[in-house]
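*Asks:* Let me begin by handing over the structure; questions about it come next.
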Amino acid sequence: MPPFLSLVLLLGLASGSALASQAEEEAEKAAPQPNFIVILVDDLDETQDSSGELAMPATKRLLRDRGVTFTNHFVTTPICCPSRVNLLRGQLSHNTNFTDVLGPHGGYAKFRALGLDREWLPTWLQRAGYNTLYTGKFLVDYTIRNYDPAPSGWSAFDALVHPFTFEYYSPAFSLNGGTPRMYPGMYYSTDVVGAKALAMLRSAATDPAGRPFYLQVAPPAPHHSMHYDFNSSGAFLARHWYPPIPAARHWEELSGAALPRPPSFNDPWVAGKPSWLRSLAPLTSANETFLEEIYRLRLRCMRAVDELVEGIVREVESLGLSRRTYVLFTSDNGYHEGVHRMGSGKTTPYEEDIRVPLIMAGPGLIPGSRVADTTAHIDIAPTVLALAGLPLPPDLDGTPLPLAAASDGTTLPPSYTYGSPDHGPLRNQLVTEFWGVWLEESIHSHPNYPNNTWKAVRVLRSDREEAYKYVLHCSGEFELYDLVRDPYERINLLAPLSRARVRSRLDALLAVLAVCRGSACSRPFQVLHPDGSVSDLWAAMDEQYDDLYDAILPFSFGHCLPYQDLDNERSTFRGAVVPDCRVRGAGGGAGGG
């Protein structure tokens, strides 16, 4: 039994058990709509396999082996707070205008001022009769100064509050905007989150109204420990990074784990990289040793998360909810360690930072299946709504996950055709974006880089035989990578030659996606070719379209800003739309700013 389960009684929670088969039959009659549990961790990479069997054997056994793994899943803004808003609103950051961790361009005050909790997944589900529950990390800037009021849309909201969000052995939580309660000393943060999640799960399972539920569980692991300094008025002064702290019971585990060293690790070849990255000194042997120990600490932190996952899945089974509950596991952003001479961190356009795990288990999904189509966090809210049989708000930038490709044909709603041949071509391109500063979390001799504002487009051919990434930095520097032949993004194809035809197409695609809204984000070629003659990059490469693409002005930044300014981000396609085939109805739009 995971150790955090002992906290359930200490938190004053009642336990319960039942024969699974009998309970499932009764539960199915009472609540035909599915339940959802989304486990969202913090800073977990996919490229180093930190969610693999070494650190998370129970997660592999109970979720990955029983469900579907999305092998090309991405975040669209690789930093925690904007990404978490993207997930719950189904929108890109350029449409939420929530682009940073702290104010004035992020933070809880801006979140409230923009009204981002008026129209988002929990409010849409509540209107449809769902019980909506949240525990764990929400936003970094949800603090002991501003916890009341809590965000709208949650039946129960029990979130970590700063400055205790990343204090692994001194977490503090505010329940529904109430006075924060601290769990000092012996209580490990992930264990407390796990105990609270079990309490919410048991409460939801015995809801007198029989409502279906959505439960989001957000342990802060394996994020670095960190401390922020503020002045007396609450203004930010400085941040301090420390390695993450595992639970005491896991401190000596995985001591032989070796930090992966791909060809891009401490790369001697950085000639095609942007100037700030070329200026980084190579990592020293001491730097590499330190990064390897951080890697082990991160794996050890995930051991407690693995126990949390096992506890939740076993409780779902014991409560008889397995036949109508979907469990998703993912991270708010990826993470790099040692690649391209960088130490630890995120916020770059490289695969380590934007690629994250997504595993989904539940009724009707083929055990051990894999989906290689391009998916993103903006697709999770549409997926939940579609599986619940609810209409999709018109301003969603994402589309439901292609689950039909991993379905056994027994449980998905008949209207859920995403991923089936009847639905038409799937998304094979995705925009990623970031505004602000590159911060080094471990190698503190690396200076921060203030002008790390960029937009990128990633394209993957439907047969996965070709894939490219095209990056535009606010400095005017470009990068183009062939992700099939150069998966570690070492050779910038724009450095030695112009690649005029492919660049003109990617320039046009980025011009659409950098400012897209709604269905234009998933079907950008219908903006470029309204007659429907072209649906992907490879069809657009036909020479008959050379004049069309040569005439399109590329997207450009006026200059480097650490925030979104519409006048500074130039595109002739701002406001462009395509005919929207999705159902519009109750739930409302998700406005941006």
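The values are calculated or read from the model by the stated rules, or taken from the named source; none is laboratory data. Values in this document were obtained by computation on a predicted structure and should not be read as measured data. When we count neighbours, we look across all protein chains shown, and the Cβ atoms used for this are built from the backbone with ideal geometry, even at glycine. When the accessible area is computed, the model is the full protein with side chains, heavy atoms only, and any ligands, DNA or RNA have been set aside. Shrake-Rupley method; radii C 1.70, N 1.55, O 1.52, S 1.80 Å.
*Asks:* Given the whole protein assembly as supplied and a 1.4 Å probe, what does the accessible area of Asp408 come to in Å², nearest 10?
*Replies:* Rounded to the nearest 10, that gives 80 Å².
*Asks:* Using the Cα centre as the reference, give the magnitude of the dipole from point charges on the C-beta atoms of the range 90-148 (Lys, Arg: +1; Asp, Glu: -1; all else neutral), rounded to the nearest 20 debye.
*Replies:* On the way: 6 positive and 5 negative charges, 13 e Å.
I would put it at about 60 debye.
*Asks:* Now a separate question. With a sphere of radius 11 Å drawn around the Cβ of Tyr563, what net charge do the other residues whose Cβ falls strictly inside it have (Lys, Arg +1; Asp, Glu -1)? Before the final figure, lay out the partial values.
*Replies:* Numbers: positive: Lys110; negative: Asp100, Asp565, Glu569.
Counting the neighbours of Tyr563, the net charge comes to -2.
*Asks:* Let me ask something else. Want the number for Arg112 to Met541: 0.36 nm per residue separation, take away the alpha-carbon distance, what's left? Spell out each step's value before the answer.
*Replies:* Working: separation 429, 0.36 × 429 = 154.44 nm, distance 4.44 nm.
The span from Arg112 to Met541 would gain 150.0 nm if fully extended.
*Asks:* A follow-up question, please. Per residue, how many Å² of accessible area does the range 23-131 show with a 1.4 Å probe?
*Replies:* Details: 2980 Å² over 109 residues.
Solvent-accessible surface per residue comes out at 27 Å².
*Asks:* If you keep only loop residues by DSSP, which chymotrypsin sites (Phe, Trp or Tyr not before Pro) in the range 254-354 have at most 14 other Cβ atoms within 10 Å of their Cβ? Show your work: numbers first, answer last.
*Replies:* Details: sites: Phe265, Trp269, Trp276, Phe290, Tyr295, Tyr326, Phe329, Tyr335, Tyr350; in loops: Trp269, Tyr335, Tyr350.
Within the range 254-354, the qualifying chymotrypsin sites (Phe, Trp or Tyr not before Pro) (loop, at most 14 other Cβ atoms within 10 Å) are Trp269.
*Asks:* Using per-residue counts of other Cβ atoms within 10 Å, averaged over each peptide, order 557-564, 279-286, 146-153 from highest down. Spell out each step's value before the answer.
*Replies:* Details: 557-564: 15.6, 279-286: 13.1, 146-153: 18.0.
Packing proxy ranking, top to bottom: 146-153, 557-564, 279-286.
*Asks:* How much length is gained if the chain between Ser285 and Trp269 is pulled fully straight, taking 0.36 nm per residue apart and subtracting their Cα-Cα distance, in nm to one decimal?
*Replies:* Working: separation 16, 0.36 × 16 = 5.76 nm, distance 1.78 nm.
The span from Ser285 to Trp269 would gain 4.0 nm if fully extended.
*Asks:* Please report the carbon-and-sulfur percent of the accessible area for the range 32-425; probe 1.4 Å, protein heavy atoms only, DNA, RNA and ligands left out. Working shown, then result.
*Replies:* On the way: 6280 of 11680 Å².
With neighbouring chains kept in place, the figure for the range 32-425 is 54 percent.
*Asks:* Compute the Cα gyration tensor for the range 102-141, then decide on rounded, prolate or oblate, letting a ≥ b ≥ c be the square roots of its eigenvalues: rounded whenever a/c is under 1.5, prolate when a/b is larger than b/c in the other cases, and oblate in all that remain.
*Replies:* oblate
*Asks:* If Lys273, Lys110 are ordered by their accessible area, calculated over protein heavy atoms with a 1.4 Å probe, which sequence runs from highest to lowest? Could you put the intermediate results ahead of the total?
*Replies:* Values: Lys273 5, Lys110 40 Å².
If we order Lys273, Lys110 from most to least accessible, we get Lys110, Lys273.
*Asks:* If you take every residue apart from Pro282 with its C-beta less than 9 Å away from the C-beta of Pro282, what net charge results, scoring Lys and Arg +1 and Asp and Glu -1? It would help to have the intermediate numbers written out before the result.
*Replies:* Working: positive: Arg341; negative: Asp267.
Once all neighbours under 9 Å are counted, the net charge is 0.
*Asks:* What nm value, rounded to one decimal, do you get for the distance between Glu252 and Arg370 when each label is placed 7 Å out toward the C-beta?
*Replies:* Calculated label separation equals 3.7 nm.
*Asks:* If contacts are Cα pairs under 8 angstrom and at least 6 residues apart, what is the relative contact order of the range 32-425 in percent? Walk me through the numbers on the way to the answer.
*Replies:* Values: 856 pairs, mean separation 114.4, N = 394.
Reported as a whole number, the value is 29 percent.
*Asks:* Further question on the same structure: Could you sort the peptides 42-53, 190-201 by per-residue average Cβ neighbour count (10 Å cutoff), highest mean leading? Show your work: numbers first, answer last.
*Replies:* Numbers: 42-53: 22.5, 190-201: 25.5.
Ranked by mean Cβ neighbours within 10 Å, highest first: 190-201, 42-53.
*Asks:* What does the accessible area of Met56 come to, in Å² to the nearest 10, when a probe of 1.4 Å is used?
*Replies:* 0 Å²
*Asks:* Cβ under 13 Å from Asn131's Cβ, Asn131 left aside: what net charge do those residues give with Lys, Arg +1 and Asp, Glu -1? Don't jump to the answer; show the numbers that get you there.
*Replies:* Values: positive: Arg127, Arg202, Arg211; negative: Asp207.
Summing Lys and Arg as +1 and Asp and Glu as -1 gives +2.
*Asks:* Counting only heavy atoms of protein chains, what accessible area per residue, in Å², does the range 261-354 have with a probe of 1.4 Å?
*Replies:* Values: 2430 Å² over 94 residues.
Result: 26 Å² per residue.
*Asks:* Mind listing which GluC sites (Glu not before Pro) in the range 420-516 are in a DSSP loop and have 11 or fewer other Cβ atoms within 10 Å?
*Replies:* Details: sites: Glu433, Glu440, Glu441, Glu465, Glu466, Glu477, Glu479, Glu489; in loops: Glu440, Glu441, Glu465, Glu466, Glu477, Glu489.
Counting only loop positions with at most 11 other Cβ atoms within 10 Å, the GluC sites (Glu not before Pro) in the range 420-516 are Glu465.
*Asks:* Could you give the semi-axes, largest first, of the ellipsoid that matches the range 32-425, computed as the square roots of 5 times the alpha carbon gyration tensor eigenvalues and rounded to whole Å? It would help to have the intermediate numbers written out before the result.
*Replies:* Values: eigenvalues 189, 127, 94 Å².
Value: 31, 25, 22 Å, ordered largest first.
*Asks:* In whole angstrom, note down how far apart the Cα centers of the range 280-324 and the range 545-577 are.
*Replies:* 40 Å
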